[in-house]
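J.: Below is one structure. I have some questions about it.
The values are calculated or read from the model by the stated rules, or taken from the named source; none is laboratory data. None of the values given here were measured: they were computed from a predicted structure. Here Cβ is always computed from backbone atoms with ideal geometry, including for glycine, and neighbour counts include all displayed protein chains.
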Amino acid sequence: MGLDFSLSEPSVSNGKTLYIEFTKEKNIDYKNILLGKKSYKIFNHPTDNKKVYALVPISYYQKPDYKEIEIRFLENHKIKKQYILIDIEDGKYKKEKIKVQKSKVNPKSKKIQTRTSTEYKNAMKIYGKITNESYIDSKFIMPVDSIITSDFGKARVYNNTLKGYHSGTDFRAKIGTPILASNDGVVVLAKNRFYAGNSIIIDHGHGIYSCYYHLSKFRVKKGDKVKKSQIIGLSGDTGRITGPHLHFSMRVYGVQVDPLQFIKLINQKLYKDR
């Protein structure tokens, strides 16, 4: 007999997050999910004790294809597997041309190269930690009430040179605008970085991290526990920017995902009544 489960959608675009929900069953102990070589934990549903769930982030660089998801579980203490076929679609993201200081496009300085490399490694070490506890118990909110100036996923052409893609959502925010924590969590980084400027990263548990970049001032420090809607900093124009704004992004198991799609998904599936 197959497992009782549901998918948030039958197909998912690159850069988006897939939600899989299972009904708890007698004699079944859900373990984890595998997509390719990556493993994702199955957690208890925070608002429905009859359910468990898993989040599967789809990399921006994943090409359109059918992929097999492997579900691992124990049934009567015996290891078993079940497979789901998912359709990964092309997100069809647009291109965006941006003019910034030449020194911010492709820095030649060994000192800066070492700095950016170290900052990247340290960040990935943070994202690689999966906190089994969830700090949140209600819906996510936007960090600022403002106009979106650049969506997630746009291929970014800096000074006529293609340099990856936009890994978050930009909000218009003049210098000094209060920036709010999108949900409860623990601050795991609050420091200045070369590209992101003054940066804050919050661990929400279950492999979920929210990021707030280009700030002018910090209102929290590493290790602080924060509550949803708490002011964590002020917007600014630090790092690689064209002008003052807030760059807001989400990471799930270290994978950059569309923050707006992620928040809508989580709010609907986990906290619709909160």
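Yes/no matrix, rows are residues, columns are (1) free of Cβ contacts under 8 Å to residues at least 24 places away in the same chain; (2) more than 26 Å from residue 13 (Cβ to Cβ); (3) crowded, with 16+ Cβ neighbours inside 10 Å:
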{"residue": "141", "(1), (2), (3)": "no, no, no"}
{"residue": "147", "(1), (2), (3)": "no, no, no"}
{"residue": "150", "(1), (2), (3)": "no, no, yes"}
{"residue": "167", "(1), (2), (3)": "no, no, yes"}
{"residue": "170", "(1), (2), (3)": "no, no, yes"}
{"residue": "176", "(1), (2), (3)": "no, yes, no"}
{"residue": "198", "(1), (2), (3)": "no, yes, yes"}
{"residue": "211", "(1), (2), (3)": "no, no, yes"}
{"residue": "219", "(1), (2), (3)": "yes, yes, yes"}
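J.: Among the residues in the stretch 224-235, are any over 22 Å from residue 205 (Cβ atoms) and assigned to a strand (DSSP E or B)?
T.: yes
J.: Restricting to the stretch 1-49, name every residue that is among the aliphatic types (A, V, I, L, M) and without any contact (Cβ under 8 Å) to a residue 12 or more places away in the chain.
T.: 1
J.: Still on this structure: Quick one: is residue 252 in contact with an Asp or Glu (Cβ under 6 Å, 6 or more places away or on another chain) and modelled with pLDDT of 95 or more?
T.: no
J.: Also, I was wondering about something else. Name the residue that is surrounded by the most Cβ atoms within 10 Å (Cβ to Cβ), counting only residues in the stretch 241-258 that are in contact (Cβ under 8 Å) with a residue 40 or more places away in the chain and more than 20 Å from the chain's Cα centre (by Cα).
T.: Taking the candidates together, the pick is 241.
J.: Something else: Looking at (1) out of contact with any Pro (no Cβ under 9 Å at 6 or more places or on another chain); (2) modelled with pLDDT under 95, which is the one condition that is false for residue 56?
T.: If we test residue 56 against (1) out of contact with any Pro (no Cβ under 9 Å at 6 or more places or on another chain); (2) modelled with pLDDT under 95, just (2) comes out false.
J.: Right, another one. Identify, by number, the condition in (1) touching a Phe, Trp or Tyr at 6+ places or on another chain (Cβ under 8 Å); (2) in contact (Cβ under 8 Å) with a residue 12 or more places away in the chain; (3) of a type in the set (D, E, K, R) that residue 80 doesn't meet.
T.: Every condition holds for residue 80 apart from (2).
J.: Being surrounded by fewer than 19 Cβ atoms within 10 Å (Cβ to Cβ) and in a strand (DSSP E or B) is the requirement here; does residue 192 meet it?
T.: yes
J.: For the subset of the stretch 23-42 comprising residues that are exposed (fewer than 15 other Cβ atoms within 10 Å of the Cβ) and under 14 Å from residue 84 (Cα atoms), which member is modelled with the highest pLDDT?
T.: For the stretch 23-42, the residue satisfying everything is 32.
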